[in-house]
Structures are given as C-alpha cells and as structure tokens.
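See structure below.
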C-alpha cells in the first residue's frame, strides 16, 4: 500500500492545463494575466484587495511593516501555531509576546489578551500589533478580539494561513482586522506549490505591498531604488495553478468536512474528542484534530499509524515552548500545552478515499 500523507496537494488535470496554458502563452516572467486573475479571485472571495506573494511568511512580514511594526516593538501573537507567525515578527526587529488559547475554538483567548493588554498599558509598553492566528482552518473570535484591540489602539493582523474558505460571524476568513494573510503552501487546503497573499481594505496599502515585494523598484527605465525592498512577488506560473485550485476550493473543503464527519462517526463511542467548532464558526475542514485522555494514548496511536505507513502529527508545539523563543514573554493558562501533549492531527487531504479513512479509523480505534 502507498503511504498516506497528512494533507498532500490535491491537484489534477485542471491545474496542469492552467499551468501549461500559461507556459505556452509565454507568461513565464513573474507577472502576467494569471497573477491578476488569481488576485481577483482572492479579492472576490474575501472582499479585500489581494497581493499574491511567494509565501504566507512573506505576507506576514509585509503586513507587519504595513501596520508600522518597528525594531524594539512588542507584537502579541498566538502561541499555539506554526513558527512562521512569530518568525515574521523577528524579521522586523520586534519582540514576540505569546498569548495562550481559549478552549472554545483553540484560538487566541480574548480574556488573556485583555489581561495582557491591560498589563502592557500599565507598564507603558503596549504592543504595536496583535497577530491572531486562525487555527486548523477555524477563525478566531474576532467579535471579541477586535474590539479589545481597538480599545487599546492596537492593530490587528489576521493570520488566516490555514483558513481560506472558512467563515465566522457570516464573514470570510481574511476579512477581519486591519490586514490579513493567507498561505498556499503544499499542505494547505489549496496550494500554489508555495505561496501566500496579503489582504487589505486599503488600495494604497496593497500598492505599497506590491512595490516592496518587487525590490522597491522605482518607475524608471533603469533600476532605481530609494529604499530596501524584497523579492516576494508570486510568479505568474504558480498563480495559474492557484486560480485552478481556487475554482475547486468549495469542493475540496466539502470533502475535508466529509472526512471529518466520517472520523466523528467512527469515534462516536470512544473517549476521543475533536477540535470544538463554536456556533459562530463555519470552518474549512483543513485538518481533523483529535484529543486523547493522555499523552501516552496519543503516542501509541501515532506509533501504530506510522507502522502502517500513515502520517499523523501532534498538534502544534506552543511557540513559548520552542527553544528559539525561550526568552520571549508569554501570557499562559496551560491550554495550548495540554493540547500539544494529548492532541493529534489525522490525515485529512481532500483526495483521500473512504477506504483509506476507514483504514485509519480502524487503527486508531484498536490502539487508542
């Protein structure tokens, strides 16, 4: 049997045809009609200006610069997430300050954020921005988080890298806060092989991001530069793949949600629990996450799956536990550490068959 991966790319004839059409049309250079089309599709989905970039991390970097993050600033950020969310803060010379999760959605805790901002105000060191991560395809509680940040005059950056296609409070992921980012890495719900996007309501901010992403080149016939830029622009060829993927997003999200439902049915009579989905959330099904009673049970299942050549992965190791960020401040209540110890991501790719899911559930049920 072939290996079952956690979240492999789901690409086929549509993506191949789009890529070859761009290639045969001569649009090999970084910009072209497919890039414009992809950005227009993202704008239509999110209601914002979209700038397609080489990665979600690049988008985060530009987003932080756009909201004024400077060397020496503090930036509050979700702890329960991938390292890129904090890495981009360090690119700006700023310091990440980690905020723990709530139990309702596993995203940033509004209560802890308020407490942290109140203390920062008392100390005279309010953060320049708060980076809120939409975890595992589910938006955070922006109806609480955004007003809290507004109260303290702090910008909100929505890290929707994992959440394209999700909604919350009737609004699409990527539409919250002052600025937002997406990722199209190979394991995301849609992929451009590698890529990301910056989303903003402000056309001038989008234009500025495009300018910085193309080495801050001035409009002169020669190469003229008055400030430092970055090589962050997505290529037209990758955007062609992205446009084809974007057309298929509703079907791929629907399939992932169906896989999650199949897992839930299979584990209905076990002690396993799933990532909670609040009433205000309509997540995209990106990864199915289950929580065991203890770490030993989780590890035993993970080992059994590995022996069957099936990839699984613990939930995110909180960034405040990562050695590289050991000296960073953190506001914690133990939620993310508990989830990391006992939680597991199961294969969730939209191309998985029912037979493959049944094989996985049989192993999990037998070894839990």
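The values are calculated or read from the model by the stated rules, or taken from the named source; none is laboratory data. Just so it is clear, the structure is predicted and the values come from calculations on it, not from any experiment. All Cβ positions, even for glycine, are placed from backbone atoms using ideal geometry, and neighbour counts span all protein chains on display.
Quick check: is even one residue across region 94-113 part of a strand (DSSP E or B), farther than 19 Å from residue 189 by Cα and free of Cβ contacts under 8 Å to residues at least 40 places away in the same chain? Yes.
Restricting to region 1-16, name every residue that is out of contact with any helix residue (DSSP H, G or I) (no Cβ under 8 Å at 6 or more places or on another chain), in contact (Cβ under 8 Å) with a residue 24 or more places away in the chain and surrounded by 12 or more Cβ atoms within 10 Å (Cβ to Cβ). Matches in region 1-16: 5, 6, 7, 8, 9. Within region 113-125, being touching a strand residue (DSSP E or B) at 6+ places or on another chain (Cβ under 9 Å) and surrounded by fewer than 20 Cβ atoms within 10 Å (Cβ to Cβ) holds for 115, 119, 120, 125.
Conditions (1) at pLDDT 95 or above; (2) surrounded by fewer than 18 Cβ atoms within 10 Å (Cβ to Cβ); (3) not assigned by TED's automatic domain parsing to the domain that holds residue 287, marked per residue:
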| site | (1), (2), (3) |
| --- | --- |
| 18 | yes, no, yes |
| 26 | no, yes, yes |
| 32 | no, no, yes |
| 36 | yes, yes, yes |
| 42 | yes, no, yes |
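Could you say whether any residue in region 332-342 is modelled with pLDDT of 95 or more and farther than 29 Å from residue 74 by Cβ? Yes, the conditions are met somewhere in region 332-342. Comparison of 87, 107 shows that the only residue that is under 17 Å from the mean Cα position of the chain (by Cα) and within 18 Å of residue 176 (Cα to Cα) is 107.
Quick check on region 244-291: of everything there that is part of a loop (DSSP other than H, G, I, E, B) and either in contact with a strand residue (DSSP E or B) (Cβ under 8 Å, 6 or more places away or on another chain) or not assigned by TED's automatic domain parsing to the domain that holds residue 356 (or both), which residue is surrounded by the fewest Cβ atoms within 10 Å (Cβ to Cβ)? Among residues in region 244-291 that are part of a loop (DSSP other than H, G, I, E, B) and either in contact with a strand residue (DSSP E or B) (Cβ under 8 Å, 6 or more places away or on another chain) or not assigned by TED's automatic domain parsing to the domain that holds residue 356 (or both), the one surrounded by the fewest Cβ atoms within 10 Å (Cβ to Cβ) is 280. Looking only at region 295-316, residues that are in contact with a helix residue (DSSP H, G or I) (Cβ under 7 Å, 6 or more places away or on another chain) and outside any loop (DSSP other than H, G, I, E, B) come to 8 in all. Exactly one residue out of 319, 339, 332 is crowded, with 20+ Cβ neighbours inside 10 Å and touching a helix residue (DSSP H, G or I) at 6+ places or on another chain (Cβ under 9 Å): that is 319.
Residues of region 205-234 that are in contact (Cβ under 8 Å) with a residue 40 or more places away in the chain and exposed (fewer than 14 other Cβ atoms within 10 Å of the Cβ): 231 alone.
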